[in-house]
Amino acid sequence: MMDGVLKQIYQGILKGDLELVKTNVQAALDEKVTAEAILKQGMMTAMAEVGQLFEDGEYFVPELLVAARAMQGGLEILKPILATEAVEPIGKVVAGTVKGDLHDIGKNLVGIMMEGVGFEIVDLGSDVSPEKFVEAVKESGAQIVAMSALLTTTMTSMPETIKAFEEAGLRKSVKIMIGGAPVTDEYAKKIGADGYAPDASQAAKTALSLIS
Ligand code: B12
């Protein structure tokens with residue numbers, strides 16, 4: 001059973017109540033609940049339940065939107081704790097959600113965890129075209145590209161982006177990582193990506209291994 005504050009956070013996300021989430025994330029931290037527990041037990045389980053309710057036809061897009069907003073609000077408070085900024089960044093990562101796709105919570109979380117292990121993140125936001133990914137790497141000199149997709153209809157933009165890097169003559173100078181709910185390790189291999197991870201903390205570990 002979840003205890004008081006975590007349960008409030010969980011319910012705050014389910015109800016899309018931003019203030020309830022923010023107040024209780026702060027309260028949980030004051031009670032010395034770890035950021036990891038708040039994230040995993042309070043927030044991620046709630047988002048999974050929101051997804052389930054959507055699938056069952058009980059929630060619709062407006063409910064998803066307010067739930068997402070409440071989750072982002074909680075993440076903002078956790079961010080400085082999850083990502084203690086490194087003095088000297090160990091590398092740069094260009095991160096974005098692929099073209100046509102607006103889901104950015106998972107991508108944001110991946111960015112936070114990568115910052116936590118010392119990377120500098122160039123965040124391109126969501127709905128990022130292959131050309132924009134290539135342009136950002138040219139400008140920033142990033143060693144890693146992290147692409148996120150949450151829709152089976154947009155994950156096809158991942159091989160297109162890899163192709164754009166090949167055409168720009170940059171494929172060998174960057175490592176490309178992919179992830180998001182519909183993405184698998186098998187898919188990563190199939191499209192010739194360099195790395196895949198199922199969650200944000202493993203994404204950070206994979207990024208480290210790719211530059212070492
Ligand atoms: C919130 C949400 C929305 C919000 C997004 C708000 C936002 N700012 O992100 C809004 C309302 C915009 C939305 C819209 C839609 N959504 Co939606 N949405 C969701 C929901 C409920 C949660 C997603 C989420 O944030 N999860 C929490 C995060 C933390 O998890 P995550 O994203 O998976 O990320 C983790 C890992 O995947 C991994 N990861 C993620 N990215 C990366 C990248 C790298 C490089 C690596 C290594 C790892 C990695 O690490 C992350 C952290 O551990 C999901 C349900 C679900 N089960 O996923 C549906 C879901 C993704 N949506 C769905 C659909 C259908 C839609 C719409 C088409 C609905 C509609 N009819 O309009 C639109 C599409 C809009 C668009 N063009 O993008 C479907 C997709 C079905 C499919 N297979 O394609 C889902 C699965 C719901 C469902 N069960 O039907 N949605």
Return yes when L29 is in contact with a helix residue (DSSP H, G or I) (Cβ under 6 Å, 6 or more places away or on another chain), of a type in the set (A, V, I, L, M, F, W, C) and surrounded by fewer than 20 Cβ atoms within 10 Å (Cβ to Cβ) and no when it is not. no
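Per-residue answers, yes or no, for (1) closer than 23 Å to I81 by Cα; (2) modelled with pLDDT under 95:
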site	(1), (2)
K99	no, no
M114	yes, yes
D123	yes, no
I144	no, no
A149	no, no
T156	no, no
L170	no, no
G179	no, no
A188	no, no
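Listed here are the residues, each with its yes/no results for (1) within 8 Å of the ligand (Cβ to nearest atom); (2) open to solvent by 40 Å² or more (accessible area, probe 1.4 Å); (3) in contact (Cβ under 8 Å) with a residue 12 or more places away in the chain; (4) in contact with a helix residue (DSSP H, G or I) (Cβ under 9 Å, 6 or more places away or on another chain).
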{"position": "A46", "(1), (2), (3), (4)": "no, no, yes, yes"}
{"position": "R69", "(1), (2), (3), (4)": "yes, yes, yes, yes"}
{"position": "G73", "(1), (2), (3), (4)": "no, no, yes, yes"}
{"position": "A95", "(1), (2), (3), (4)": "yes, no, yes, yes"}
{"position": "D104", "(1), (2), (3), (4)": "yes, yes, yes, yes"}
{"position": "G111", "(1), (2), (3), (4)": "no, no, yes, yes"}
Name the pairs whose Cβ atoms lie under 8 Å apart, with the first residue in the stretch 152-171 and more than 17 Å from T97 (Cα to Cα), the second modelled with pLDDT of 95 or more and open to solvent by less than 40 Å² (accessible area, probe 1.4 Å), and 6 or more positions between them or separate chains? A168/V134; L170/V134; L170/V137; R171/I162; R171/F165
Selection from the stretch 140-162 of residues of a type in the set (V, I, T), surrounded by fewer than 16 Cβ atoms within 10 Å (Cβ to Cβ) and in contact with an Asp or Glu (Cβ under 9 Å, 6 or more places away or on another chain) yields T153
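The values are calculated or read from the model by the stated rules, or taken from the named source; none is laboratory data. None of the values given here were measured: they were computed from a predicted structure. Cβ sites come from the backbone with ideal geometry, for glycine too, and all protein chains shown count toward neighbours. Side chains are part of the model used for accessible areas, which takes the heavy atoms of the whole protein and leaves out ligands, DNA and RNA. Shrake-Rupley method; radii C 1.70, N 1.55, O 1.52, S 1.80 Å.
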